[in-house]
Amino acid sequence: MSAKSKTPFDAQSLDKAQALDLLRQMWEIRFFEDRVYDLLGRNVIKGASHLYAGEEAIAVGAISVLDDDDLITSAHRGHGHCHARGASIATTEEAKQEHYNKMMAELCGRETGYCRGRGGSMHIADVEKGNLGATGIVGGNIPVAAGAALAQQMQDTGRVVLCFFGDGASQTGNFHEALNLAGLWQLPVIFIVENNLYGMSVPLENAAAKTAIADRACAYDMPGVVVDGMDVLAVREAVGGAVERARNGEGPSLIECQAYRWYGHSRSDPRAYRTKQEEAEWRSRDPIPNFAAWLVDSGLCTQGEIDALEEQVEDAIDEATEFALSSAMPPADEVEKFVYAPFQWTEADYAKERRLREACRQGGPGTRKVLYRQALQEAAREEMLRDPSVFIMGEDVGLYGGAYGATRGLFEEFGGERVRDTPISEATIGGAAVGAAMSGMRPVAEIMYVDFTPLAMDQIANQGAKNRYMFGGKTTVPMVIRTEGGAGRSIAAHHSQSLEALWTHFPGIYVVMPSTPFDAKGLLKAAIRDDNPVMFIEHKMLYGVQGCVPDEDYIIPFGVADVKRPGSDVTVVTYSRMVHRSLEAAEKLAEEGISVEVIDLRTLKPLDMETIAASVKKTGRVVGVTEAYKTGSFLSELAMRIQEEVFDWLDAPVVRVAAADVPVPMAETLEDAAIPNVEAIIAGIRQVLR
Ligand SMILES: Cc1ncc(C[n+]2csc(CCOP(=O)(O)OP(=O)(O)O)c2C)c(N)n1
């Protein structure tokens, strides 16, 4: 239990100040949204805004039962959630006004906004106050909430997470995966469905086989209730009970709040799918005047007090609008600010890595031989011993030790709490890692094959990689996604790809591809310590490869390529398994007197252009080698970067040696033909030398 935990609520326990605060917050949201509607119409606010008017009782009622350090995650219709979270925490009038100001400024894309103009309406967040942000991907916040709740459970904080989303989001895979995980692990999370009857224009009955969303809770071992979302006290009571359950360790709940949005889906929506009569009926149940009337009827306050409050709120929203419109836009030259959390590596780290790399090349005292797989196990183990916030989750990572044995022994040493087998739910593995990473943990989440990472792409790329930027640099997402790729085991097109180019494409995530035990260990340790999301891609044919690691603790700072073989006639730039084939090719060509320099990128992002450029300036000729499909491969990017930065030193066009543009086939003859072999690399080198 949180030290500051409030007592359970029911309608009767409200005192006058609390009751008026609920009314005030609902009004603030209503006035705020009406103002936004107006500013959108005048094109002062750009982009899309999904207004919360009509649904105020849900956010205000639900958040009113939270402690100040509890968390929320929110969706595209998120102004109400952001408002209620901030307003319920702010204690002074100045703090409240600052909150409205920052919200309005964010919607207007100003530097003074909560996200410094990077997020706007759809990504409004105040991470510092426990609002983990709004997502533009319907259902995208649900796995993140499960992860944030997992972090609370693992850290024993007593905090709970409220996760808001719509009836439309309840049809997504994220909903089912995340509720299953939350039920399975009994996480302290309350899923709040805002059922406003439509997902954009489509009525719920045309989108759901069964429209009773709350009934789905029983499938996930949690209570599910339906509540009148137009009644702030009803919402408050239902959520209050669920919060108490969650705090007591009794697990998650699903609460379906039935409500209606006053405006269209967005401002441009003509609402052709709703009748005037339906709208009028719902408007007669407006949560604000009805609650105000109840306050007067029950004798808690006078009509005069209500009228004065309404006026005060209108003034506050006027002031917020003035503040926003008089604030500066974010400076254009700061467009790249906040994409990545800054590097923490020191000069000493770089120097130590160089020294140990050299020692391992010699294989002398202070080094020992391990397999690539063992190097990964050691890295995870050492980091888990060093930092209690590091934990592992994924499919079969526990007793089984991972599909390729990279987590073997860790379950036995650290137990199921820190080495967690998950359901087969890639999206939620990714999303839970995001939520946990934003809430004080350092997850190392394994996705069994890189071929499966597209199943988690939204969670890793849209949420994990972008959250820091979208939320104005106010959060970090220190998570590692460990996965493996590549061909060589005749396991065909769904288990053999090299999909790194997908991951290098997104800003906000690093991509690491080690080729040796030394690199695997040092890079994984660095990835775990890094404050950014990292896609760590191993190669299935390298787990049994032996190499030297130092006895000393070390990390490999990102963005440092390794010249695995020096040469002077041609530069081969490669990574992962192709490093070994390129070295073989170089060895053979040396017999003919051709001197090949082989650069192992180790990290594709960040890219060590300095080492590449130095080599190109020396050789004038470059061959890129990859096991990925040629079209759209990372080599294409590499070739362009070389052209942009060292074109004048090139004596020949860059040559790409890549996989054929075919789904990786099963039969050995075909699989071998599909990816570059040593002969193909030699042919590429001869081509660039012509
Ligand atoms: C994954 C995804 N699919 C579609 C959309 C486009 N879209 C945005 S909101 C929305 C409707 C969502 O309905 P619901 O979850 O009920 O929330 P509501 O808008 O009713 O609050 C749609 C289809 C999107 N942003 N993300």
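So, restricting to strands (runs of 3 or more DSSP E) that lie completely within region 522-583, which ones have at least 2 residues that are at negative phi and in contact with an Asp or Glu (Cβ under 7 Å, 6 or more places away or on another chain)?
Numbers: elements: 534-539, 546-550, 562-565, 570-574.
Where strands (runs of 3 or more DSSP E) fall fully within region 522-583 and carry at least 2 residues being at negative phi and in contact with an Asp or Glu (Cβ under 7 Å, 6 or more places away or on another chain), they are 534-539, 562-565, 570-574.
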Counting only residues that are within 16 Å of the ligand (Cβ to nearest atom), open to solvent by less than 10 Å² (accessible area, probe 1.4 Å) and either free of Cβ contacts under 8 Å to residues at least 12 places away in the same chain or of a type in the set (A, V, I, L, M) (or both), region 28-59 contains a total of 7
Matching option when the condition is aliphatic (A, V, I, L, M) and in contact with a Gly (Cβ under 8 Å, 6 or more places away or on another chain), among ALA95, ALA105: ALA105
Within region 256-293, the residues that are closer than 22 Å to ALA214 by Cα and within 15 Å of the ligand (Cβ to nearest atom) are GLU256, CYS257, GLN258, ALA259, TYR260, ARG261, TRP282
Filtering region 406-448 for residues that are over 25 Å from GLN374 (Cβ atoms) and free of Cβ contacts under 8 Å to residues at least 60 places away in the same chain leaves a count of 2
Can you tell me which condition ALA95 does not meet? The list is (1) among the hydrophobic types (A, V, I, L, M, F, W, C); (2) in a loop (DSSP other than H, G, I, E, B); (3) open to solvent by 10 Å² or more (accessible area, probe 1.4 Å), and all the others hold. (2)
From the set of residues in region 535-555 that are under 28 Å from the mean Cα position of the chain (by Cα) and more than 19 Å from GLN497 (Cα to Cα), which is surrounded by the most Cβ atoms within 10 Å (Cβ to Cβ)? ILE555
Residue check: is ALA341 away from the ligand (no atom under 16 Å from the Cβ) and either closer than 21 Å to GLY120 by Cβ or not in a helix (DSSP H, G or I) (or both)? yes
Pair list, Cβ < 7 Å and 6+ apart or interchain, from region 65-77 residues that are within 16 Å of the ligand (Cβ to nearest atom) to residues that are of a type in the set (D, E, K, R): ILE72/ARG85
Looking at (1) open to solvent by less than 60 Å² (accessible area, probe 1.4 Å); (2) within 16 Å of the ligand (Cβ to nearest atom); (3) not in a helix (DSSP H, G or I); (4) not acidic (Asp, Glu), which is the one condition that is false for THR211? (1)
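The values are calculated or read from the model by the stated rules, or taken from the named source; none is laboratory data. Note that the structure is predicted; figures quoted are calculated from it, not measured. Positions of Cβ are generated from backbone atoms using ideal geometry, with glycine treated the same way; all protein chains shown enter the neighbour counts. These area figures cover heavy atoms from the full protein model, side chains too; ligands, DNA and RNA do not enter into them. Shrake-Rupley method; radii C 1.70, N 1.55, O 1.52, S 1.80 Å.
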